[in-house]
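The values are calculated or read from the model by the stated rules, or taken from the named source; none is laboratory data. A quick note: this is a predicted structure, and the numbers were derived from the prediction, not measured. Positions of Cβ are generated from backbone atoms using ideal geometry, with glycine treated the same way; all protein chains shown enter the neighbour counts. Accessible surface is based on the protein model in full, side chains and every heavy atom, while ligands, DNA and RNA are left aside. Shrake-Rupley method; radii C 1.70, N 1.55, O 1.52, S 1.80 Å.
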Amino acid sequence: MQETLHRTLLEMILFGYFERGARLYPQELSLKFGVSLTPVREALMRLATEGYIEAIPRRGFHIRTPTPKQVADLWQVRFGLEVMAGELAIGRLAAGELTPKSLGVLETIQGKLEAAPRRMSHRLHVDLNGRFHHSLVELSGNDLLISLYRSIQMQLLGAWIQRGLNSWRDRLESEGVEHHAIIAALRARDVEQYRAATRKHIDRSLQGALNDLSAQEPDMTLE
């Protein structure tokens, strides 16, 4: 029950059910979900530990907004992990540990992203884009790297930043071009080409995320 409740509350936070900065009342959530206060409080404390909400003494739980510095820091870590993953994948392709067919998973996901972009929901885009990057990292074959990448929950942070906005739709075309460039570099087994394609993609993604934050919180500045 606690896991289901945590996931439900997280999705409600990410996809705009609650207002930014809203206070979450355990009693109200308990009644809403038809459960006791204990699992609600446990789920809220876990969300606070993960950084999605803030537990303020005598003021309760409030929805948090990521800062530009938090976003920039995380995108930098993401770049390092994805570059390393691609380099390892290229090495595995060169050694015959992976076949070119292994890259088909990336092309399949990208095909779904391009299938009906104007009818795509925000939730579906977050899911597919997250699957693309997680699948790329999994091609590294490095279990620790894969675990580290999963732990930063990039697609969830992206959803958190974008909630209530449609600007992500305007970036779908650029995103697709960049994804194809990454796949092409992997197929070519060209490390420098892959690094350049990944840098271009993540730099553009970071700027989009910062623009989204600015649109939602005009007074926020990079600290």
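Computed quantities for the displayed model
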| read-out | value |
| --- | --- |
| Pair-distance profile P(r), taking every C-alpha pair of segment 103-223, with 10 angstrom steps and integer % | 12, 42, 35, 10, 0 |
| Proximal lysine pairs, the chain, alpha carbons under 29 Å, eight or more residues apart or interchain | 4 |
| Added length on full extension, which subtracts the Cα-Cα distance from 0.36 nm per residue, I56 to S214 | 54.4 nm |
| Over the chain, relative contact order from alpha-carbon pairs under 8 Å, at least 6 apart, % | 24 |
| Three-way shape call for segment 1-101 based on the alpha-carbon gyration tensor, with the a/c threshold at 1.5 | prolate |
| Listed residues L139, I183, L156: farthest to the positive end of the dipole of the chain (Cβ charges) | L156 |
| 37 °C / 0.692 mPa s Stokes-Einstein diffusion coefficient of the chain, Kirkwood radius on C-alpha pairs, µm²/s | 174 |
| Protein accessible area in segment 70-202, 1.4 Å probe - carbon and sulfur % | 53 |
| Cβ-based net charge around A159, under 12 Å, with every Lys or Arg adding one and every Asp or Glu removing one | -1 |
| Per residue solvent-accessible surface (Å²) - the chain, probe of 1.4 Å | 51 |
| Segment 39-83 and segment 105-128: distance between their alpha carbon centers, rounded to Å | 26 |
| Net charge of neighbours whose Cβ lies under 14 Å from the Cβ of P39, counting Lys and Arg as +1 and Asp and Glu as -1 | +2 |
| Global geometry of segment 139-187, whether rounded, prolate or oblate, following the gyration tensor of its Cα atoms and the 1.5 cut on a/c | oblate |
